[in-house]
Amino acid sequence: MMPQTTVARVCSHCDGFPVVHITTGTTAPDGQRRTLAAACPACRGTGTRTVPAALVRTGK
């Protein structure tokens, strides 16, 4: 059996919701709200974190 080097897990900071849109409070001329996208800084917008295989083997 080949050892696995990394395991992808759901990011603990964003719980798998890596990008959110925040309203700015202003509206566009057509009535839509203006929003800004904010990505999770821990996973950089991917929603997953990689954990070294050594930590997985020890159960951390």
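The values are calculated or read from the model by the stated rules, or taken from the named source; none is laboratory data. None of the values given here were measured: they were computed from a predicted structure.
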- Task: Please find, within region 39-54, the residue that is nearest to residue 20 (Cα to Cα) out of those that are among the aliphatic types (A, V, I, L, M) and at pLDDT 85 or above.
- Result: 39
- Item | Among (1) assigned to a strand (DSSP E or B); (2) at pLDDT below 90, the one test that residue 57 misses | (1)
